[in-house]
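A quick write-up on the structure given underneath.
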Amino acid sequence: MAKKLKRSYKFALRSSLYITLFATVLLVALLYAFGIKHVELPIIFTAICFLFCFFILQIRVERFIYQRVKKIYDDVTLLDVSDFQNYPITTDMATLTKEIEKFATNKKLEIETLKIRENYRKEFIGNVSHELKTPLFTVQGYILTLLDGAMEDKHIRKKYLNRAEKGVERLIYIVRDLDMITKLETGDLNLDREEFNIIELVQSVFDLLEMKAAKKDISLAFDMQYANPILVVADKERIQQVLTNLVVNSIKYGRENGTTEISVENLIRNKVIVRITDNGEGIQKENIPRLFERFYRVDKSGSRREGGSGLGLAIVKHIIEAHNEKIYIESEYGVGSEFSFTLEKAK
């Protein structure tokens, strides 16, 4: 297929043709009027006139368009657009239109992304403020009450100091978790990878949370009897934290007399997948995409009564991703939830 001429060439070609035809007809008429009979002269004139007009028009049109297009490029370049700076200036209107449309589309996407980030930033700051404000005001209230005279009563003094201590512990818990997430995101938290038995680690988490589960009559169990150890390579302390956070979550949102079950299965040749399944209240579909956000709570009132920093699942996600592994969630509201994550098998 023949390559299409640029529009500026088409314009110069057609315009030159019209001018040449007009000039040739005029020349022939004048020669006829003066009685001059010279066949070669109109032909030579037509060729010279056409070429002359074409080159003059092409040069002038290119220069005219170039100056105006260059101004567009200069104006756009002020916005620090690297896409335009990487290409030479073109006088082809179709190419320019495509580049401008591409620029506008990219800028629209950037603006939408910035709006989403701005909304997330505002929500995050609001959540941090709320999470810190509640225990701070609680501690302040107890201390002010003691300073106003309640300190003289030994019973009240001990009770209020104990409650103030719990508020301070909650503040420390939130700040510690925020510090951990920041280190995980920036890569400052180094992982101490080692080989260990994941079944044994799960059992230690069950032992640790047995009393907490017993308060709601929730049973913690494996899906089957694991006679042989399953060895994985990861940061044992961090994976224990992942398991603890996920099991605590299943207890927090679990039903009375419910179950939390953990299974460890071979996924592919060098991977295992750990599943934490419960028959709790489940999670509604609209909440699942935001579940791993900092301070995001599905049940804001209930989860606050249960305590916690609101950072547990965010920490879980960052720890798993720091191991270059994946975490998944499946949940049906009113039926239960299943969190699962992959780990590398020991060789």
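Values computed for the structure shown
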{"item": "Segment 15-59 versus segment 143-167: alpha-carbon centroid distance in Å", "result": "108 Å"}
{"item": "Whole-Hz ³J(HN,Hα) from phi, Karplus 6.51 cos²θ - 1.76 cosθ + 1.60, for segment 178-193, glycine and proline x", "result": "4, 5, 5, 4, 4, 5, 5, 5, 8, x, 7, 8, 7, 8, 9, 6"}
{"item": "Cβ-placed point charges (K, R +1; D, E -1), dipole of segment 193-345 about Cα centre in debye, nearest 20", "result": "500 debye"}
{"item": "Fewest-first ranking of Asp179, Asp278, using other Cβ atoms within 10 Å as the exposure measure", "result": "Asp179, Asp278"}
{"item": "Chymotrypsin sites (Phe, Trp or Tyr not before Pro) within segment 13-45, DSSP loop, no more than 14 other Cβ atoms inside 10 Å", "result": "Phe34"}
{"item": "Cross-link pairs Lys236/Lys326; Lys166/Lys236; Lys133/Lys154 - those with Cα-Cα distance over 24 Å", "result": "Lys166/Lys236; Lys133/Lys154"}
{"item": "³J(HN,Hα), Karplus 6.51/-1.76/1.60, whole Hz, each residue of segment 156-164, x for Gly, Pro", "result": "5, 4, 5, 5, 6, 5, 5, 5, 5"}
{"item": "Percent of alpha-carbon pairs separated by more than 26 Å within segment 193-345", "result": "21 percent"}
{"item": "Shape call, segment 155-260: gyration tensor on alpha carbons, a/c limit 1.5", "result": "oblate"}
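Read-outs throughout are calculated quantities, based only on the coordinates presented, and are distinct from any laboratory measurement. Owing to the predicted nature of the structure, the values given are computational and were not obtained by experimental measurement. Cβ sites come from the backbone with ideal geometry, for glycine too, and all protein chains shown count toward neighbours.
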